[in-house]
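Here is the structure we will look at.
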C-alpha cells in the first residue's frame with residue numbers, strides 16, 4: 001500500500017492531484033505548523049491578459065504566534081472576495097468551460113468559510129471528484145499522530161498500514177531510506193509531470209492552479225493530469 005502526504009494547498013497545481021492519483025491514501029497535513037512566510041496554502045496563480053495573476057486568501061496571523069494549519073482563520077474584512085471573483089470572471093470570461101465550474105468559483109468567494117482548511121478542502125474535494133480520482137483522502141488530525149520529519153511519516157504509515165511512502169524524485173535526497181527500511185517501510189519516488197495544454201492569453205505558463213486547465217480543457221483535464229502512466233521511478 002502506497003501513501004503520500006501534502007499540505008492543503010489553495011486550488012493546487014495539477015501535480016498535486018497526480019500525486020494523489022498514484023497513492024492508495026493521500027494524507028492532508030492539517031495538524032502541522034502553518035508556515036510563517038509565503039505559502040501555497042493561502043494563494044495560487046491563474047492567468048489573465050497580463051500573464052500570471054496571484055489569487056490570495058487573507059488569514060489572521062498577527063499576534064497569534066505559531067498556528068496549526070487546521071486552526072488558521074480566514075480574514076473576512078475588506079472586499080477581497082468580490083475583487084477575486086471579478087478577477088476570475090474577467091480572466092476566463094471566454095474560456096470554453098468556465099460555466100461548468102462557475103458555481104464553485106462563486107462559492108469560494110461568497111460563502112463565509114471560517115477556517116482556511118475548510119475552504120481549501122472544499123476545492124480539493126471538488127477537483128478530485130471532477131477528475132474521478134478515487135484515492136482515499138485522510139486528514140492527519142484524524143490519525144491521532146503528531147510530530148514532524150521522518151518520525152511523523154513513519155507513524156503515518158503505521159497508522160494506515162502502509163508499506164510504501166511516495167515522494168517526488170527531486171525531494172528524495174532529503175530522506176534517509178535506511179531509516180525507513182529499518183521499520184519495514186520503502187520510499188517510492190515519482191517524476192513530476194510537465195504538463196502542456198491549451199491556454200488563453202499568449203505564451204504557455206506552467207504550474208498554474210489546475211483551475212486554469214479545467215476552464216480551458218473541461219473533461220479532458222482528467223486525461224491530461226493522469227495520462228502519463230504511473231511515472232514511478234523503478
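The values are calculated or read from the model by the stated rules, or taken from the named source; none is laboratory data. Here the structure is a predicted model, which is why all the values come from computation and not from measurement. Every residue, glycine as well, gets a Cβ built from its backbone with ideal geometry; the counts of neighbours run over all protein chains shown.
Among the residues making up the range 170-190, those that are under 22 Å from the mean Cα position of the chain (by Cα), exposed (fewer than 14 other Cβ atoms within 10 Å of the Cβ) and either closer than 16 Å to residue 15 by Cα or in contact (Cβ under 8 Å) with a residue 12 or more places away in the chain (or both) are 170, 171. Testing residue 194 on (1) surrounded by 15 or more Cβ atoms within 10 Å (Cβ to Cβ); (2) within 30 Å of residue 90 (Cα to Cα), one condition comes back false. Which one is that? Of (1) surrounded by 15 or more Cβ atoms within 10 Å (Cβ to Cβ); (2) within 30 Å of residue 90 (Cα to Cα), only one is false for residue 194: (1). Restricting attention to the range 71-91 and to residues that are within 18 Å of residue 208 (Cβ to Cβ) and touching a strand residue (DSSP E or B) at 6+ places or on another chain (Cβ under 8 Å), the residue that is surrounded by the fewest Cβ atoms within 10 Å (Cβ to Cβ) turns out to be 90. With (1) surrounded by 20 or more Cβ atoms within 10 Å (Cβ to Cβ); (2) in contact with a strand residue (DSSP E or B) (Cβ under 7 Å, 6 or more places away or on another chain); (3) assigned to a loop (DSSP other than H, G, I, E, B) as the list, and residue 46 as the residue in question, which single condition is left unmet? Here residue 46 clears every test but (3).
Confirm whether residue 164 is more than 29 Å from residue 49 (Cβ to Cβ), surrounded by 14 or more Cβ atoms within 10 Å (Cβ to Cβ), touching a strand residue (DSSP E or B) at 6+ places or on another chain (Cβ under 7 Å) and touching a residue at least 40 places away in the same chain (Cβ under 8 Å). Yes; evaluated as a whole, the condition is true for this residue.
Filtered by the rule that a residue be under 22 Å from residue 69 (Cα atoms), part of a helix (DSSP H, G or I) and modelled with pLDDT of 95 or more, the range 83-121 gives 116, 117, 118, 119, 120, 121.
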